[in-house]
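Bear in mind that the values in this text are calculations on the coordinates, not laboratory data. If you're wondering where the values come from, they're calculated on a predicted model, not measured in any experiment. Here the Cβ is made from the backbone with ideal geometry for all residues, glycine too, and neighbour counts use every protein chain on show.
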C-alpha cells in the first residue's frame, strides 16, 4: 500500500475504480452509513432500502422516527431478488461493516493524498526522481542512490514492476476479505434460520431441561 501511494496517477485511477464500487444503486451517491447487505449480497444505504421498501409496500402503515415497519418485502434494485423482511423491517437487515470500513479508509486515503505531488523526488538528491525500488531495504529510491548512495550494494528492481506486483497482492487481499465476508454472512443467515426453527418448534420459546 505504501508503494501504491508513490504512483499518484495510478493511485487515483485505483481510487476512482474503488469509488464506483461504493455507489448506492438507489441514490447514486457513495453509500451512507449504516449500509445494509441484502440476502443476494448486494448493498444499499439503509435509508435507501427503507425508501424502496416504502415504495413497494404503500399499503403498510408506518410511523416516522425510530418506529420500524413490520414485515413486508421488496426486490433488490440490482438483481431483482425478492427480499423478505422480518418483524424488524429494514432494521432487521444486517449491516455490512466491511463496506462501511472500506468507505472510511477510502475517505481517509482521498484526504491524505489529494495534495501530494504527482512525481515524488528523492530526499537525498533533490533533483532526482524516485524511479527504482530497493528490494533489500523495501523502499523506493533514485538512480543516484543506487550508484553512489546508501543503496549502492542493495538489490533493486524497476519501480513499476514492484508497483504492479503489490497492486495484485492488494487486490488478492481485498478479494479474500470479500469472500470471507460472504461466508460469514451465509453462516449468520444459517444461524438465524436455525434460531427461527427452534422458536417455532418450542412453543414456550425455551429448551426443555436436559435429563
Gain in span if fully extended, residue 178 to residue 121, counting 0.36 nm per residue against the direct Cα distance: 16.9 nm
Can you pull the one-decimal nm distance between simple spin-label points at residue 75 and residue 107, each 7 Å off the Cα toward Cβ? 3.3
Suppose R0 equals 41 Å. What FRET efficiency, 1/(1 + (r/R0)^6) with r the Cβ-Cβ distance, do residue 137 and residue 186 give to the nearest 0.05? 0.40
Please pull out the direction-averaged projected area of region 120-201, using the convex hull of its alpha-carbon atoms, in nm² to one decimal place. 7.6
Using R₀ = 25 Å, calculate the FRET efficiency as 1/(1 + (r/R₀)^6) where r is the Cβ-Cβ separation of residue 196 and residue 41; round to 0.05. 0.75
